[in-house]
Amino acid sequence: MKRLATLVEGLDEILNGGLFEGGVYIFEGPPGVGKTTLANQIAYTLARREVRTLYVTMLAESHARMLQHMEQQIFFDQQEVNARVFYVSGYRELDQGGLKAVVELLRGELLRHRPSLLVIDGLVIDSLEAMTNDSVRQFVHELQSLVSAMSCTSLILSSGTGNALSAEQTMVDGIFSFEDHGFHWRAERRMQVRKFRGSQIIRGQHTFCISAQGLQFFPRLESLPLEDGNVKLGDSVLSTGLPALDDVLHAKGLFTGSASVVIGHTGTGKTTLALAFASAANASAPGLVLSCTELGGDLRRLGAEMGLDIETAIGAGALALKSLGHEDESMDEMGHKLLRLVDELKIRRLVVDGMAGLAETLAFPERGYRFLGRLLMELRRREVTSLFTVDPHALAMAAGTPLAEGVTGWFDNVFSFEPESPQKRRVDQRVLTITKVRGGSAAEPSVDIFIRPRTTC
């Protein structure tokens, strides 16, 4: 069967290629969740490929009002209005003649414009509740016959949850449920494909966001197809950026593709160690620092104070500083953003400073461990050597659960700063315990790290 790709980021990936030509699909969800924006986004994106769309509204609101909202979207192109995206109102036909009159309107407009996509926006309104199941079923049957004969894919946008269209739920080719899921003071937009005929899809709920670019979907990371589930550590080694730590590791650094975690409470030196690792980036092994707590300027200032070559690496284009989770992003949005940056910048050294940023999401308590495991697998597959920092107290508050073996077990190397009192050590001294080293070992169980401004450790 021939596909009609939506060309919406992440959506075709969830659908394993897009919608099917001639299919009828329901987009259902409460007002304001993004259904109309998504339908217009698909229409105008397809228009750039010379694909026609017939957009039929059953609402009293004028097209001009809807187009005023769409003008704020990057995908909107005024020149395509009534050129490849045709707007028609069916409100009067539905109000005066019911679904039969709507069918006749659709038949005439489909023959007139010959579109490849038909959008019916706002079909489920209060008047449909009084209609019989037979009339609704007959409408869907005739709609399917029309679009199938013309190889036209149809989207029905419904503000309900299937109540008025329950008679034809089993007849359509797909049902997409959209919701704005709230929990205490946080909220996430989610979509689930409840039904999809003719193809495997990525099941379950997926988050999405709405921006000036339209809708962007983020398939659940751990549900994506595995390209290679047996990726091994590399044979080469990258320096940790700390000579004292390199010296006690038998490999004299970290194996490429390995994932390390540095555990410690606030002020123990986690970020300093992470910046030392990042500052060793070069043209052959570009680095990326993703901070979940600090701002880029603060990291640059800290690096300068510690005598690390952060500015030199940034100036040479070997290191980039970005934020992660500062904009109330979902866990999957952060994961996809991370992997996209890694791919675009060809990163080989990665720092995620403040893993609590990933945990401070609605999905982490339920599936955060599996998500993290898949994220680390994707990084290893890309031959990225990564280092994560975590404050156990911050993670416990963000995730509602303490740091567990299920988290640290995913990492190849585990380092932790001992929480010794200042009376037992010098003010600039830290004790770094080497808990786990994958693919090698350490000559000592711990190493002294000295945090001295404008000196290397």
Using θ = phi - 60° and the Karplus curve 6.51 cos²θ - 1.76 cosθ + 1.60, what whole-Hz ³J(HN,Hα) does each residue of segment 135-143 get, with Gly and Pro shown as x?
5, 5, 4, 5, 4, 5, 4, 5, 5
Which value, to two decimals, describes the C-alpha radius of gyration of the chain once divided by 2.2 N^0.38 Å?
1.20
Residue-by-residue Karplus 3J(HN,Hα) for segment 431-443, coefficients 6.51, -1.76, 1.60, Hz, glycine and proline x
10, 9, 8, 9, 7, 8, 9, 7, x, x, 7, 10, 6
Set the Förster radius R0 to 41 Å, insert the Cβ-Cβ distance between Arg107 and Arg340 as r into 1/(1 + (r/R0)^6), and round the FRET efficiency to 0.05.
0.40
Two-site label geometry, Ser62 and Asp134: point separation in nm, points 7 Å out along Cα→Cβ:
4.1
Full extension between Leu302 and Lys2 adds, at 0.36 nm per residue less the Cα distance, a length in nm of 102.4 nm
Suppose we keep just the alpha-carbon trace of segment 237-450; what are its Rg and Dmax in angstrom?
16.0, 47
With every protein chain present, what is the per residue accessible area of the chain (1.4 Å probe, Å²)?
45
Could you check the spin-label model distance between Asn16 and Ser199? Points 7 Å from the Cα along Cα→Cβ, value in nm.
0.9
If you find the alpha carbon centre of segment 267-306 and of segment 53-118, how far apart are they in angstrom?
52
As a quick test, which of the pairs Lys270/Lys346; Lys195/Lys232; Lys35/Lys346; Lys195/Lys346 have an alpha carbon distance above 31 angstrom in this structure?
Lys195/Lys232; Lys35/Lys346; Lys195/Lys346
Positive dipole terminus of segment 3-219, leading residue within Phe176, Tyr91, Leu4 (C-beta point charges)
Leu4
Within segment 237-450, what whole-number % of the accessible surface is contributed by carbon and sulfur, with the 1.4 Å probe and all protein chains included in the calculation?
52
Gyration tensor on Cα atoms of segment 299-415, a ≥ b ≥ c root eigenvalues, a/c under 1.5 rounded, else prolate if a/b beats b/c, else oblate, says prolate
Theoretical ellipticity at 222 nm over the chain - DSSP helices of four or more residues, -39500 (n - 2.57) apiece, nearest 500
-9500 deg cm²/dmol
Using the crude model of +1 on Lys and Arg Cβ and -1 on Asp and Glu Cβ, and no other charge, please compute the dipole size for the chain relative to its Cα centre, in debye to 20.
760
Please work out the FRET efficiency for the pair Lys322 and Met171, using the Cβ-Cβ distance as r and a Förster radius of 51 Å; give the result to the nearest 0.05.
0.60
How far, in nm, would the chain grow between Gln72 and Glu227 when pulled straight, counting 0.36 nm per residue and subtracting the alpha carbon separation?
52.0 nm
Computed ³J(HN,Hα) along segment 331-336: with the Karplus parameters 6.51/-1.76/1.60, θ = phi - 60°, integer Hz and x for glycine or proline, the list is 4, 5, 4, 5, x, 5
Anchor Lys322: aspartates and glutamates whose Cα lies under 14 Å away (excluding residues fewer than 8 positions away in-chain)
Glu294, Asp298, Glu344, Asp353
Skipping prolines and chain starts, which residues have an amide H placed within reach, meaning under 5 Å, of the one on Phe20, given they are 5 or more residues away or on another chain?
Leu4
Evaluate the distance, in nm, between pseudo-label points positioned 7 Å from the Cα of Ala396 and of Glu9 along their respective Cα→Cβ axes.
3.8
Check His181: other-chain or 5+ apart residues with amide H under 5 Å from its amide H, H built from backbone geometry?
Glu188, Arg189, Arg190
Pull up all non-local amide H partners of Val119: gap of 5 or more, or a different chain, and H-to-H distance under 5 Å with H placed in the peptide plane.
Leu54, Tyr55, Val56, Leu155
Probe radius 1.4 Å, ligands and nucleic acids ignored: give me the carbon and sulfur share of the accessible area of segment 3-219 as a rounded percent.
45
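The values are calculated or read from the model by the stated rules, or taken from the named source; none is laboratory data. Please read all numbers here as calculations on a predicted model, not as lab measurements. When we count neighbours, we look across all protein chains shown, and the Cβ atoms used for this are built from the backbone with ideal geometry, even at glycine. The accessibility values were calculated without ligands, DNA or RNA, using every heavy atom of the protein model including side chains. Shrake-Rupley method; radii C 1.70, N 1.55, O 1.52, S 1.80 Å.
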